[in-house]
1. Considering each of A:Asp22, A:Asp40, A:Asp29, A:Asp63 in turn, give the residue that is touching a residue at least 60 places away in the same chain (Cβ under 8 Å) and among the acidic types (Asp, Glu).
2. Please determine, by comparing only the residues of region A:141-164 that are over 10 Å from A:Gly95 (Cα atoms) and within 20 Å of the chain's Cα centre (by Cα), which one is surrounded by the most Cβ atoms within 10 Å (Cβ to Cβ).
3. Out of A:Lys162, A:Lys144, which single residue is closer than 23 Å to A:Glu304 by Cα, of a type in the set (Lys, Arg) and either more than 9 Å from chain B (Cβ to nearest Cβ) or in contact with a strand residue (DSSP E or B) (Cβ under 9 Å, 6 or more places away or on another chain) (or both)?
4. What residue, among those in region B:165-201 that are among the polar types (S, T, N, Q) and under 22 Å from B:Thr306 (Cα atoms), is surrounded by the most Cβ atoms within 10 Å (Cβ to Cβ)?
5. Which one of A:Thr99, A:Thr112 is crowded, with 22+ Cβ neighbours inside 10 Å, within 14 Å of chain B (Cβ to nearest Cβ) and among the polar types (S, T, N, Q)?
6. Is it the case that A:Phe334 is aromatic (Phe, Trp, Tyr), more than 14 Å from chain B (Cβ to nearest Cβ) and in contact (Cβ under 8 Å) with a residue 40 or more places away in the chain?
7. Scan region A:114-133 and tell me whether some residue there is part of a strand (DSSP E or B) and either at pLDDT below 95 or of a type in the set (Lys, Arg) (or both).
8. List every residue pair whose Cβ atoms sit under 8 Å apart, with the two residues 6 or more apart in sequence or on different chains, where the first one lies in region B:122-144 and is within 22 Å of B:Ala41 (Cβ to Cβ) and the second, anywhere, is surrounded by fewer than 24 Cβ atoms within 10 Å (Cβ to Cβ) and among the hydroxyl-bearing types (Ser, Thr, Tyr).
2 protein chains.
Amino acid sequence: MTNHPVKKLPTVGDLGEQGILDVILPLLDSSKAALGPGDDAGALAVSGAEVIVSVDTLVQNQDFRLVWGSGFEHKAFDIGWKSIAQNVSDINAMGGVPTGAVISLSLPQNTTIQWVRDFAKGVSAAVEGLGAQRLSIIGGDLGKASEISVTTTVFGECEFGKILRNGAKPGDRLAIAGRVGSAGAGLAILDSDKQWENWNRSVARIADSQCKPTPPLESGPRAAQAGASAMLDISDGLIRDASRLAKASAVNVNLKSAVLKKFASRLDPAATLLGIDPMSWILDGGEDFGLLATFPQDVNIPEEFTVIGEISAQAGRRALVKVDGHIVNGSRGFDHFPVAADR
Amino acid sequence: MTNHPVKKLPTVGDLGEQGILDVILPLLDSSKAALGPGDDAGALAVSGAEVIVSVDTLVQNQDFRLVWGSGFEHKAFDIGWKSIAQNVSDINAMGGVPTGAVISLSLPQNTTIQWVRDFAKGVSAAVEGLGAQRLSIIGGDLGKASEISVTTTVFGECEFGKILRNGAKPGDRLAIAGRVGSAGAGLAILDSDKQWENWNRSVARIADSQCKPTPPLESGPRAAQAGASAMLDISDGLIRDASRLAKASAVNVNLKSAVLKKFASRLDPAATLLGIDPMSWILDGGEDFGLLATFPQDVNIPEEFTVIGEISAQAGRRALVKVDGHIVNGSRGFDHFPVAADR
């Protein structure tokens, strides 16, 4: 080690477009792509008559901060991880299996090469760690911007048919798989005034679930195979996403707080630290990318799903979400462009 | 008309996420999608065993300015147009036909709804105007950012096989289809100190080719069907993209300036206005999205292609680009992260 404490780390501005690609591409697995990065377009092998597609963008200071209120520094690795996680979740929520992705990365000129390397490692780790074995990175785009922005488009196939939001019927049971509320609690911790150096391990683990969400990738196809009638992922909060399912299916959704409270107890370390009722995260916290699915009465619900309520007929003009029989406002939760009247 | 000169136009911040989507979605044609926007993922119908995919991002102040040096205001319509044009061009350059697209739009809170509406109209007009009849918009994402950013991912199919960059052989003829140099000349005009109110019609038309490029969408599949050996689109400049073809195919590319000068004469109005040699735009101007293709001697070159040179064997360690026998630096043209040494 040389001793140059103020030595400037190399940046994307120092390396040039091809130099940056030479750092990124060896870290990504493109071996299963019909044609990987390097030509005008990549190619995705398709075994059925349809490909399903989802796209999401992560923007600095909107979807993450480089340094949070708690002083916690958001790792490039985690941004790479989340860019894959939130998109494969959409494929999962249709009952599909992710088969490919393209990533467009916009970076400020002074972004370090180490940042880019860590980002690519996070992408690769998510593909592996979430169990997306069939997914290969088939292309991308690299450009300049004044803030970091990552747009990932993921492709997939649905062996057991597409499970939409509009298939729930009165009498169906409502169930969830995967985490709920953790990422919301994590967001509250990250942006709190509780400095990260003082977090205990339980709190740090909850914060980490905001940075590295883990959608339950096998549960989507399993729910489809079992016979789920409707499904979506909980990206903007349980109430808000349940409201979407209710509206699309023209039914009422009835949640039972007793079951949800069991999930809330896992968030007690964060709740205690911040003095917040953990049920707020269960009901309104997004970005865990758990699954919300409905199953007809005659279907065997896969064991990793927990029944949290039931579907009933829509009585009036609006599809409603109720908790223990009380109507809740379905537009709570996350909105990119919130309207004052909605809040 | 009421008379409120300072009346504030409604913005995306006033309308909410669903409200914005209600403006955009009716303007986009999703009728041919297997499943359009509204669920976790959209679905693309596929007739072959492969889908080709390309992604590109347009960022405010990098890829366009809301107001250029000339005072010209960049229209939202044109940003929508270009977001489609530059991506369908990549599909075209593989010899494919575009079949679907997803668009992720990141917007500042104060973007007007009229801007969003015009953007969507531009997307729709490009699909129609460029002749991408099979393309439907199958999904997207909407989020906040401090600058406008548009990432479009386009899908396509190659009926006549994928034409890559690496298939050129010594003896092949090199040909181009579509515009070359116009968008580069247009960029120079837009960002010049020649105020836009004073442009004549010829100059305005050249400026417009930067804002609304027109990739020759039928020529890609036609070249593939005819038997092109290699192809790519000219997105970063003729020399730079010819150099990519040379490198990928391990051949030398030999250009003849006499033919290229005929293309340059079309740019005379811009050249005269700015006092610039129009050949610089022909050689180094990008973003017209014309096609650069190589054809073996026994192939009938489609009539819209103009032969501009030929391929010869690579003699030394590096694949070279020559103009009239003189070696030129293949890394000229556009680089998102230019390295000083390259210039």
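1. Only one candidate qualifies: A:Asp29.
2. We begin by selecting, within region A:141-164, every residue over 10 Å from A:Gly95 (Cα atoms); these are A:141-155.
Retained after the next criterion (residues that are within 20 Å of the chain's Cα centre (by Cα)): A:148-155.
Details: A:Ile148: 22, A:Ser149: 27, A:Val150: 25, A:Thr151: 32, A:Thr152: 30, A:Thr153: 30, A:Val154: 29, A:Phe155: 26.
The selected residue is A:Thr151.
3. A:Lys162
4. Taking the candidates together, the pick is B:Ser182.
5. After applying the criteria, what remains is A:Thr99.
6. Taking the combined requirement at face value, the residue does not satisfy it.
7. Checked against the condition, which is being part of a strand (DSSP E or B) and either at pLDDT below 95 or of a type in the set (Lys, Arg) (or both), region A:114-133 yields no hits at all.
8. B:Ser136/B:Ser30; B:Ser136/B:Ser31; B:Ile137/B:Ser30; B:Ile138/B:Ser30
The values are calculated or read from the model by the stated rules, or taken from the named source; none is laboratory data. No experiment lies behind these values; they were computed from the predicted model shown. With ideal geometry, Cβ positions are generated from the backbone for all residues, glycine too; neighbour counts draw on all protein chains shown.
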